[in-house]
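In what follows, a structure is listed as structure tokens, so that the remarks can point back to it.
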């Protein structure tokens, strides 16, 4: 097995939001698959898109335009806490040398009233690097990552139902 090397990565795509966004969902940093696809939650086993589709009673979005549409139709903004970091592969546990995104632009230009972290690591990183600058509280939701095997889709829905 090839050993992955920790490398500096810069977030390769923009946040998704518009002036009507009311909810912001934050991840940590895009996975290797997401960086390759240049869009959020690009790993085929990540449950983010199927979960949103189920919560909003819509078809699972498959294309980037469909994914953007489901977000905009439901007032959801999507971004990650980290602008750049050293990371090995997709491992959140390997993240070092964090530079956080500047959230002021998104908060000033939207109607966001609730911020949610997709997982404990996103929550912890937001609290460590961004909260003191934004003073906007964040709520922790269980990660939709396939690495979070402790949460079935049903259990995820119970917690994520809060965004409705």
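Every number here is computed from the coordinates shown, using simple stated rules; none is lab data. Remember, it's a predicted structure, so these values are computed and weren't measured experimentally. Here the Cβ is made from the backbone with ideal geometry for all residues, glycine too, and neighbour counts use every protein chain on show.
Scanning segment 140-164 for residues that are within 20 Å of residue 91 (Cβ to Cβ) and either part of a loop (DSSP other than H, G, I, E, B) or out of contact with any strand residue (DSSP E or B) (no Cβ under 9 Å at 6 or more places or on another chain) (or both) yields 142, 143, 144, 145, 146, 147, 148, 149, 150, 151. Looking across segment 107-135, the residues that are surrounded by fewer than 17 Cβ atoms within 10 Å (Cβ to Cβ) and in contact with a strand residue (DSSP E or B) (Cβ under 7 Å, 6 or more places away or on another chain) come down to 114, 120, 129. For residue 45, the stated conditions do not hold, so it cannot be described as part of a helix (DSSP H, G or I) and surrounded by fewer than 18 Cβ atoms within 10 Å (Cβ to Cβ). Of the residues contained in segment 16-32, one or more are found to be within 15 Å of the chain's Cα centre (by Cα), outside any loop (DSSP other than H, G, I, E, B) and farther than 21 Å from residue 156 by Cα.
Of all residues in segment 106-119, those satisfying the criterion of being touching a helix residue (DSSP H, G or I) at 6+ places or on another chain (Cβ under 9 Å) and either over 12 Å from residue 24 (Cα atoms) or in a helix (DSSP H, G or I) (or both) are 107, 119.
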